[in-house]
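Everything on this sheet refers to the single structure shown next.
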Amino acid sequence: MTIQILALETATEWCSAALFVGGECLEDKVPTGELPTGELRVREAHAGNRHSELILPMVQAIMAEEGIALTQLDAIAYGEGPGSFTGLRIACGVTQGLALAAGCPIIGIGSLHALAAAAALETEATGVLAILDARMGEVYAARYRDGIEVLPPALYKPEALPPPLTGECVAGTGFFAYETLLDATWAGLDYRVSALHYPGAAQVARLAVPRFLAGEGRSAEWAEPVYVRNKVALKKSERP
């Protein structure tokens, strides 16, 4: 069975699109925690606030390279967050529009999950604490072990983050934004640090394959972001 899945990730300053084509040797399902084999075409860039300018040209480029029309896609996956409010809305809006045009289902993948999956591949760690900078003196974090979520995404003050477990890998902009503080807070703990800062569309695509095979694709109108936080900015009285 050949699977063709387009993926978008715009939850952070990093903007990326990926096209997964593969799965000829896949059976009905991919075992939990395993990533499917296949070819990935990826476009990515540090976008700042230019996601809306970059994401569709990225999609067009990788689709043209592979010679795949929109209507040939099996599904479109997107990084559902948490992350930048604007970035998450862009991913949802573009995903909805493309899925309606393609007539295919959508699959939301947690941005922290995508980050953790990439960090696990990089470091060969079985456990990952994924942390993204949420601004305003806070971070988003979630814990994964063998690809399974064991601590759901939540908002934390950096000093209140759950500490890494023995041998665990820590990844993401949330760690690097508060590295000095966290190094001191976690002094003496046995953990590794991944070089990865951002989630990417490549892992969003790969994580979407078993979800697609399990029949978890949904219609386009169900695309929605996972904000975790319900506040966009600090009031003047709250600013330092």
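A few notes on this one:
- Annotation for region 116-136: at least one member residue is part of a helix (DSSP H, G or I) and under 23 Å from G215 (Cα atoms).
- Qualifying position, being without any contact (Cβ under 8 Å) to a residue 12 or more places away in the chain, over 22 Å from C15 (Cα atoms) and of a type outside the set (K, R), among E179, E149, E168: E179
- For region 111-130, the criterion of a residue being open to solvent by 50 Å² or more (accessible area, probe 1.4 Å), more than 29 Å from G22 (Cβ to Cβ) and at pLDDT 95 or above is satisfied by no position.
- Boolean, L73 is buried (at least 19 other Cβ atoms within 10 Å of the Cβ) and more than 30 Å from T166 (Cα to Cα): yes
- Flag if D28 is modelled with pLDDT under 95, open to solvent by 10 Å² or more (accessible area, probe 1.4 Å) and among the charged types (D, E, K, R): yes
- In region 152-201, the residues that are in contact with a strand residue (DSSP E or B) (Cβ under 8 Å, 6 or more places away or on another chain), among the hydroxyl-bearing types (S, T, Y), surrounded by fewer than 16 Cβ atoms within 10 Å (Cβ to Cβ) and not in a loop (DSSP other than H, G, I, E, B): Y156
- Looking across region 213-240, just one residue is crowded, with 17+ Cβ neighbours inside 10 Å, modelled with pLDDT of 95 or more and not in a loop (DSSP other than H, G, I, E, B), and that is A220.
- Residues of region 10-25 satisfying the condition of being touching a Phe, Trp or Tyr at 6+ places or on another chain (Cβ under 7 Å) and either assigned to a strand (DSSP E or B) or modelled with pLDDT under 95 (or both): W14
The values are calculated or read from the model by the stated rules, or taken from the named source; none is laboratory data. This is a predicted model, so every value here is computed, not measured. Every residue, glycine among them, receives a Cβ derived from its backbone with ideal geometry; neighbour counts consider all protein chains shown. Heads up: the accessible areas ignore ligands, DNA and RNA and are worked out on the full protein's heavy atoms, side chains in. Shrake-Rupley method; radii C 1.70, N 1.55, O 1.52, S 1.80 Å.
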